[in-house]
Each structure stands twice: as C-alpha cells, then as structure tokens.
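> Sharing a structure, written as structure tokens. Questions coming.
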Amino acid sequence: MDVYFRQQWFDKRLSFYLPGLEELTMSWLFLEKIWKPDTFFLNGKASHLHRITSPNKFLRLRQDGLMTYSMRLTLTASCAMQFHKFPMDSQRCPLIIGSYGYSKRDILYEWTPDGVGLEPGVELAQYDLVNISTKNKQIVIRENEEFSMVQGTLTLRRNLGYFILQMYVPLSLIVCCSWVSFWIDPKAVPARVQLGVTTVLSITTMGFAGRAALPKVSYPTALDWFIIVCFAFAFGVIVEYAYINFIDKITADIKKVLEERKKNKELEEKKKDGKRGSKESLMNPASSQDPVTKSSDLNMSSPSTSRRPCVPRIQLTYESDEFEDIDADEDSVRKKKKTKHRSTLRKRRTASLPVLNRQSSLSSEESEKLAKICFHDKREAMTVFSKILNLEYSNSEATDSDKMGPVIRIRRDGPLRRSMRIPVRLLNKIKILPTEAEIENQPEPELFTKLDIASRLVFPLAYVCVMTMYSLYFAYYLSNEWEKDEL
C-alpha cells in the first residue's frame with residue numbers, strides 16, 4: 001500500500017513566540033538536528049521512501065512545540081489470511097505501528113481523531129475495502145520489556161467478477177455439455193466416449209492446472225470443491241455410459257446362451273422321439289397278440305403302488321455354536337452319540353442334500369423348499385423335516401441303516417455371523433445385472449435405455465441441488481475465525 005504517514009509529538013524545547021507567526025515549515029534537512037521517534041512497522045515485510053525528485057517528507061513546528069512529521073511510503077505488510085471460502089472470502093489485515101527502541105516509559109502511541117483514512121477515488125482491483133478500524137495504546141512485550149503500539153485493521157472483501165467469468169461459468173457450461181451424451185444413441189460408442197472424455201479433460205485443464213496462480217494452501221478451498229464437484233459430474237456421465245454398455249454386452253451374451261440351450265433342447269427332443277419310436281417297434285412286434293395276455297404282462301411288469309422305495313439319509317449342516325440331532329429312531333441316535341467323538345461335531349462340514357425319490361411322500365415343491373431352505377427360521381425347517389421323519393418305509397429290502405430314517409443335523413449361525421451377512425443380503429436384493437428370466441420376457445429393446453431417460457432429469461437436478469448447497473454453505477454458513485470473534 002502507498003500511505004502518507006504522519007506523526008505528531010510535543011517537544012517543549014522547540015517552542016517559540018513570534019508575533020504573526022504560529023507555525024514554521026522547515027526542510028527535511030532540519031530533521032537531522034532534532035529528536036524524532038524511531039517508529040517502525042511490526043508486521044512490515046518491505047518498505048521504502050519515495051525520493052523523486054527529492055525525499056517526499058516535510059516538517060512543521062507550531063508555537064507550543066507540536067511537531068508534525070509527514071512522509072510518503074510504500075509498504076508491504078504481512079497478513080495471515082484464511083482461504084477456506086476463497087474466492088468468496090473476506091480478509092482482515094492489520095498494520096501494527098510502534099517504537100523500535102523506546103519502551104512505554106518513554107513513548108506512548110495513540111491515534112489522532114482522524115485515525116486512518118482513505119484517499120478519494122482509490123479503488124482496488126481484487127478487493128473492496130469494507131471497513132477500517134483502529135486500536136489505541138496496545139502493549140507488546142519484547143525482550144521482557146513492554147512497548148507501546150497502535151494498530152489499524154483493514155477489512156477487505158474479494159471481488160467475485162473475475163472468478164465467475166474465468167472459472168464458474170466455463171466449468172458449469174462444460175458440465176452441461178457432458179449431459180448431451182444422454183440424447184446420443186447408445187450404439188454410437190465413439191461419440192459418447194469422446195464427449196465424456198473431452199469434458200473431463202477440459203475440467204482438469206481449466207480447474208486443476210489453472211490453480212497454479214491461486215493461493216497454495218494445504219486445505220481445499222471453496223473453488224477446489226467446485227472444481228471437484230464439476231469433475232465428479234462429468235466423470236459420472238462416463239460411468240453411466242460404461243454401465244449401459246456393460247449391461248448391453250451381458251444381455252447379448254445371455255441371449256446367445258439361451259439360444260444355444262433352445263437348440264440343444266430341440267436336438268435332444270428329436271433324439272428322444274427317435275429312440276422312443278424304435279423301442280415301440282421292438283416292444284410290439286405283433287399286433288395280433290391276445291389282449292388278455294398283453295394286459296397280464298403289463299400287470300406283472302408294473303411295480304406295486306403300495307410299496308415305496310426307501311428314502312436315503314439326509315444330512316444338512318450349517319455353521320453355529322450349537323447342534324441338534326433329530327432322528328426317527330431315538331435308540332439309534334443315542335448309540336450314534338456314544339460312538340461319535342464330540343470333536344467331530346465341532347468341525348465344519350458341508351453336506352449336499354440328496355434329491356428325493358419321485359415316488360416319496362414329498363411333492364416336488366416341498367423337495368425344492370427343503371433344498372433351498374436357509375435355516376434362518378427353525379420352525380420352518382422343522383415343519384419340512386417332520387414330513388421326512390414321518391415317511392413310511394415299506395420296502396422289505398431296505399437295510400437297517402435305511403430303516404433308521406433320515407438324520408438331520410442342524411448347525412445354527414451365531415448372532416455375529418448373522419449380522420455380518422446383512423450387507424450381503426442387501427446387495428443380493430439390488431439387481432445390478434439382468435437375470436435370464438428378465439431377458440426372456442424382455443420386449444424389443446428401445447433406442448434409449450431407462451437409465452439414459454432417468455439421467456436426463458437426475459443429473460441436472462442433482463447438480464442444481466449441490467450448487468445451491470455449495471453457495472449457501474460457503475457464502476452464509478461458513479465463517480472465518482475473526483468473524484466468529486466479532487459475533
């Protein structure tokens with residue numbers, strides 16, 4: 001800053017009385033012959049006195065000994081700034097003035113009634129001077145001695161015009177350009193990828209590379225957060241199209257697999273029909289056979305409907321801290337518990353559920369329910385197991401181990417493991433990839449996917465909401481430490 005620095009003090013030794021003369025104006029050379037204060041700027045970094053065409057300073061002496069000493073200086077002072085709200089920030093910069101060698105016992109500094117003023121017509125390029133405040137008779141301790149000082153504080157508010165034109169408007173338009181991708185045909189892969197990559201690179205160049213001229217601080221500023229948000233939205237457009245392209249590829253692969261399955265099924269059915277025709281021709285060589293003997297042969301060859309085959313033993317295991325053994329025959333279970341060591345029960349076992357015989361008392365739906373049961377509900381499991389335990393073994397050829405009935409071993413999950421599986425269940429409920437049933441029932445695909453149509457509305461609304469929250473937070477909610485102290 002350029003300042004007119006004026007000092008006044010009383011020196012009774014220089015008082016005079018001349019009729020008609022109240023004040024004397026003297027040359028700056030007279031300063032070398034009188035006492036003057038050794039004033040300096042405590043937070044000054046660099047300063048110099050203007051000497052063109054002669055040293056810019058003067059001295060006036062009044063009758064009562066009041067000395068007025070004025071000079072023109074250019075100062076560079078240090079100011080601890082906070083850039084969390086940059087470029088919507090306001091800074092408060094102090095200018096501390098005191099004596100270098102005289103303590104408060106010798107000199108006391110105090111502002112004049114005018115204090116610090118601003119020359120008319122002075123304007124700053126990047127800031128608006130909001131307020132000027134002063135503090136009198138401040139004390140600074142240096143080398144265990146107290147020194148008098150005064151302080152003037154300049155409150156500055158940064159102008160947003162430059163940053164709106166150079167950063168905010170261009171980056172917002174680039175983000176809006178990336179949304180054009182939602183109206184481009186998804187099959188035009190080069191067009192959509194090139195548009196997305198170009199917007200991301202443009203934001204990177206304008207935002208992160210252009211930050212070299214901005215304050216170099218270790219924490220993110222408001223402008224950094226704006227650039228990050230713009231970068232995230234432009235990158236989200238690329239991710240959205242990558243997901244659509246991936247889903248289309250998966251759908252095409254599943255359709256190929258389904259078509260191959262249909263062809264294989266048709267070939268197998270044709271082969272079965274050919275084998276059945278050849279078997280019928282071999283099994284029925286003469287059409288004139290006696291119907292009585294034919295019916296008797298069929299009755300002899302058909303199995304007895306009253307006999308049921310033996311259902312094999314079923315062992316089901318899942319992890320827990322407890323075991324329950326359910327057996328149709330309690331004596332056999334007791335014998336089995338005696339012979340079997342307890343340590344074997346603690347081991348983890350994986351047992352597959354054998355497929356039930358079609359002629360058993362369980363229906364196909366009950367068999368599938370038993371195969372897919374998750375053992376989270378003990379009562380539901382027991383209702384299905386009870387049907388198995390009540391099976392009648394009428395097969396006379398069944399062995400003793402088969403007659404013993406199915407053995408069902410249950411191992412329960414602990415509460416900790418059950419709670420850890422909750423995120424897995426939630427992810428399973430979220431359908432990220434299409435299933436075969438959905439693809440089979442899927443109608444003719446449209447030009448634009450549902451994700452593209454939804455993104456046309458979601459992305460602009462999300463951007464407007466985020467920018468609104470951004471503006472409210474940094475402009476009104478977030479404040480500097482000195483602003484909190486004033487409140």
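> Part of a helix (DSSP H, G or I) and of a type in the set (S, T, N, Q): which single residue out of SER181, SER103, SER133, SER148 fits that description?
After applying the criteria, what remains is SER181.
> So GLY196 ticks every box in (1) out of contact with any Leu (no Cβ under 8 Å at 6 or more places or on another chain); (2) open to solvent by 70 Å² or more (accessible area, probe 1.4 Å); (3) within 30 Å of THR221 (Cα to Cα); (4) modelled with pLDDT of 90 or more but one. Which box is left unticked?
(2)
> For the condition open to solvent by 50 Å² or more (accessible area, probe 1.4 Å), more than 21 Å from THR76 (Cα to Cα) and among the aliphatic types (A, V, I, L, M), what is the one hit in LEU171, LEU165?
LEU165
> Restricting attention to the range 87-104, does a residue exist that is loosely packed, with under 13 Cβ neighbours inside 10 Å and more than 30 Å from ILE141 (Cβ to Cβ)?
For the range 87-104, residues loosely packed, with under 13 Cβ neighbours inside 10 Å and more than 30 Å from ILE141 (Cβ to Cβ): absent.
> Pull out all pairs, ordered by first then second residue, where Cβ-Cβ is under 6 Å, the residues are six or more apart or on different chains, the first lies in the range 47-73 and is more than 20 Å from TRP111 (Cβ to Cβ) and small (Gly, Ala, Ser), and the second is open to solvent by 40 Å² or more (accessible area, probe 1.4 Å) and in a strand (DSSP E or B).
GLY65/PHE10
> Just one of the numbered conditions (1) open to solvent by 40 Å² or more (accessible area, probe 1.4 Å); (2) of a type in the set (S, T, N, Q); (3) modelled with pLDDT of 90 or more is not true of SER218; which one?
Among (1) open to solvent by 40 Å² or more (accessible area, probe 1.4 Å); (2) of a type in the set (S, T, N, Q); (3) modelled with pLDDT of 90 or more, SER218 violates only (3).
> Restricting the first residue to the range 254-276 and requiring it to be closer than 30 Å to PRO434 by Cβ, which pairs with a second residue that is open to solvent by 100 Å² or more (accessible area, probe 1.4 Å) and not hydrophobic (A, V, I, L, M, F, W, C) meet a Cβ separation below 8 Å and a spacing of at least six or different chains?
Filtered contacts from the range 254-276: LEU258/GLU440.
Let's see how each residue does on (1) assigned to a loop (DSSP other than H, G, I, E, B); (2) surrounded by 14 or more Cβ atoms within 10 Å (Cβ to Cβ); (3) modelled with pLDDT under 70:
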site: GLU392; (1), (2), (3): yes, no, yes
site: SER396; (1), (2), (3): yes, no, yes
site: ARG409; (1), (2), (3): no, yes, yes
site: ASP452; (1), (2), (3): no, yes, no
site: SER455; (1), (2), (3): no, yes, no
site: PRO460; (1), (2), (3): no, yes, no
site: VAL464; (1), (2), (3): no, no, no
site: TYR476; (1), (2), (3): no, no, no
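> Does any residue of the range 46-58 turn out to be within 51 Å of the chain's Cα centre (by Cα), under 23 Å from GLY115 (Cβ atoms) and not aliphatic (A, V, I, L, M)? Reasoning before the result, please.
Start the filter on the range 46-58 by keeping residues that are within 51 Å of the chain's Cα centre (by Cα), which leaves 46-47.
Next, only the ones that are under 23 Å from GLY115 (Cβ atoms) stay: 47.
Checking which are not aliphatic (A, V, I, L, M) leaves us with 47.
Yes, that holds for at least one residue.
> Within the range 11-37, track down each residue that is modelled with pLDDT of 90 or more and closer than 14 Å to MET71 by Cβ.
Scanning the range 11-37 gives LYS36, PRO37.
> Going through PHE30, PHE10, PHE16 one at a time, which residue ends up being touching a Gly at 6+ places or on another chain (Cβ under 6 Å), loosely packed, with under 14 Cβ neighbours inside 10 Å, among the aromatic types (Phe, Trp, Tyr) and on the phi < 0 side of the Ramachandran plot?
PHE10
> From ASP114, ASP128, grab the single residue that is of a type in the set (Asp, Glu) and either assigned to a strand (DSSP E or B) or at pLDDT 90 or above (or both).
It is ASP128.
> Follow-up. At least 2 residues that are more than 24 Å from PRO120 (Cβ to Cβ) and touching a helix residue (DSSP H, G or I) at 6+ places or on another chain (Cβ under 7 Å) in each: list the strands (runs of 3 or more DSSP E) lying fully within the range 1-76 that qualify.
57-62
The values are calculated or read from the model by the stated rules, or taken from the named source; none is laboratory data. What you see is a predicted model; the values in this text were computed from it and never measured. Note that we place each Cβ from the backbone using ideal geometry, even for glycine, and neighbour counts take in every protein chain shown. Protein only, heavy atoms only, side chains kept; ligands, DNA and RNA dropped before computing areas. Shrake-Rupley method; radii C 1.70, N 1.55, O 1.52, S 1.80 Å.
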